[in-house]
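Visitor: Here it is, the structure in full.
Each value in this text was obtained by applying a stated rule to the coordinates, not by laboratory testing. Predicted, not measured: the structure shown is a model, and the values here were computed from it. Please note: Cβ atoms are built from the backbone with ideal geometry, for glycine as well, and neighbour counts cover all protein chains shown.
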Amino acid sequence: MPVARIESLDHEGRGVTHADGKVIFVDGALPGEIVDFSPYQRKPSYELAQISRIVRASPQRVTPGCRHFGKCGGCSMQHLDLAAQASVKQRVLEDALWHVGRVKPETVFAPLVGPGWGYRYRARLSVRYVSRKGGVLVGFRERKSSYVTNMDSCEVLPPHMSALLMPLRALIDGLSIRERLPQIEVAIGGEHEQQMTVLVFRILEPLTAQDEAALRAFADLHRMYVYVQPRGPESMVPFWPIPMPELSYSLPDFGVRLAFAPTEFTQVNHGINRSLLRRSMSMLAPQPGERIADMFCGLGNFSLPIAALGAEVVGVEGADALVARAARNAEANGLQARASFRVANLFNATPENLAAMGRFDKMLIDPPREGAIELVKSIPHSMDDLAPSRIVYVSCNPATLARDLAVLINDKGYRFRGAGIANMFPQTSHVESIALIER
């Protein structure tokens, strides 16, 4: 059986070593460890393997906090110390910046970190009726599988939501449509005694009167709010109780509160989102009299703090519903005079349609995983008077961040002032990051 010393972790949290001219990815192995491994998939240039025995364990190896670790696909790094997780993600970011973009920051920012458990205020739970496993399962998918993990708790969900997994299984098991209810969206707003939890049940067949009564009783007992969604996200409607208050979260540093619908995108980790906003606003330094673009603005998570700090902000987003939500949030916070929003497909950005938006003193970019390549190509060269003097780029994908920064730094002449990670998803290999470039 092969024995190897693990050299590093890859972007999926797998141990990396080399043998016989191949790269070996070893599930669950940590840097510095010596392990016996057993390959389960062989390719000409690499192999996928699992640990057979740990010969020498890393001092950073810890006991996973969830007994479903290894089976559930929701987390891949629970066996690594929380501080070490942040260090590994920082290395993943730096490696991507250099190997993908050939760029290096002048400064590496300290990681933004928070609690490792109970942080996930948004989740999409899969539902599956499996008679041989005792009925309905509710939870995340198994690793590398479409099966639903047989789980009775989840340590990354807030404790009250984790405790609901078994009651949810019992509820759905008693519904007439238990085999036609594939998922539940979880959205939690507010905090402490004002916390509000919403469950969105995706239903593929109508509820019977008995089903409706069971859902109402469940909502009342657990102080939940229930929506049903018979088709796409636009079909979601409040079910019980009626009338239903809006979900919202606050950003106390900037004195704003943002309302959102259960299926609208918000960051899953409220604490890290606040830390990320503090850092991004410190970097961007909005000033009265400045005109700042918030590209991929969503419901106004960055736009409203920019406006609250006195600058004029123009939020740009591709989804009509989110633009309307952002405008309502600005009005609700008394910021409509300094915050405007427009619909535009930034994936199809051109120098011409970007110029048509007018000159921006600064810019914040927060795209989805695909990045913002057409947008960054459309930004003027840093020597051009029309170019933003400062750009803050928030990313959920180090590879596309590196690709886009390479354009801004190597082609557009911007200076790479710094970058660092935010541990938005502790216990997982997901890397959230923030970068600052200047003219």
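Visitor: Once phi is turned into θ = phi - 60°, what whole-Hz ³J(HN,Hα) does the Karplus curve with 6.51, -1.76 and 1.60 give for every residue of region 103-108, x standing for Gly and Pro?
Guide: The phi angles translate into 10, 10, x, 5, 10, 9 Hz.
Visitor: A follow-up question, please. Given the rule -39500 (n - 2.57) for each run of at least 4 DSSP H residues, summed and divided by the residues of the chain, what is its mean residue ellipticity at 222 nm, to the nearest 500 deg cm²/dmol?
Guide: Helices in the chain give a 222 nm mean residue ellipticity of -6500 deg cm²/dmol.
Visitor: Starting with the fewest neighbours, write out K43, K22, K412 ranked by other beta-carbon atoms found within 10 Å of each beta-carbon.
Guide: Taking fewest neighbouring Cβ atoms as first place, the list is K43, K22, K412.
Visitor: In what sequence, highest mean first, do 267-276, 284-293 appear when ranked by Cβ atoms within 10 angstrom?
Guide: 267-276, 284-293
Visitor: Still on this structure: Can you give the relative contact order of the chain as a percent, counting alpha carbon pairs under 8 Å and 6+ residues apart?
Guide: For the chain, the relative contact order is 14 percent.
Visitor: Something else about it: Classify region 122-248 as rounded, prolate or oblate from the Cα gyration tensor: take a ≥ b ≥ c as the square roots of its eigenvalues, call it rounded if a/c is under 1.5, otherwise prolate when a/b beats b/c and oblate if not.
Guide: In terms of gyration-tensor shape, oblate.
Visitor: Now a separate question. In what sequence, highest mean first, do 101-109, 113-121 appear when ranked by Cβ atoms within 10 angstrom? The partial results should precede the final answer.
Guide: Numbers: 101-109: 15.9, 113-121: 18.7.
Most protected by this proxy first, the peptides run 113-121, 101-109.
Visitor: Explain nothing, just compute: Karplus ³J(HN,Hα) = 6.51 cos²θ - 1.76 cosθ + 1.60, θ = phi - 60°, for every residue of region 59-67 in order, whole Hz, x for Gly and Pro.
Guide: For region 59-67, the Karplus curve yields x, 8, 6, 10, 6, x, x, 10, 6 Hz.
Visitor: Could you tell me which label, among (1) 0.96; (2) 1.03; (3) 0.99, carries the value of Rg/Rh (Cα atoms, Kirkwood Rh) calculated for this structure?
Guide: Among (1) 0.96; (2) 1.03; (3) 0.99, the one calculated here is (3).
Visitor: If I build a Gaussian network model for the chain, linking alpha-carbon pairs within less than 10 angstrom, which residue out of V100, V130, V156 has the largest mean-square fluctuation?
Guide: Judging by the Gaussian network model, the answer is V130.
Visitor: Another question, then. So which residue, out of Y147, Y393, Y414, gets the largest mean-square fluctuation from a GNM of the chain using Cα contacts under 10 Å as springs?
Guide: Y147
Visitor: Sorted from fewest to most neighbouring beta carbons within 10 Å, what does the list K133, K89, K362 look like?
Guide: K133, K362, K89
Visitor: Which residue, L304, L346, L204, tops the fluctuation ranking in a GNM of the chain built on C-alpha contacts under 10 Å?
Guide: L204
Visitor: Among DSSP beta bridges lying fully in region 211-357, give the percent that are antiparallel, nearest 5.
Guide: Counting only bridges with both partners in region 211-357, antiparallel ones make up about 45 percent.
Visitor: Lysines within cross-link reach of K89: Cα-Cα under 20 Å, excluding same-chain residues under 8 positions apart?
Guide: K104
Visitor: On to the next question. May I ask for the distance between the Cα centers of region 373-407 and region 30-104, given as a whole number of Å?
Guide: If we compute the Cα centre of each part, the gap is 31 Å.
Visitor: What percent antiparallel are the DSSP beta bridges of the chain, to the nearest 5?
Guide: Of those bridges, close to 65 percent are antiparallel.
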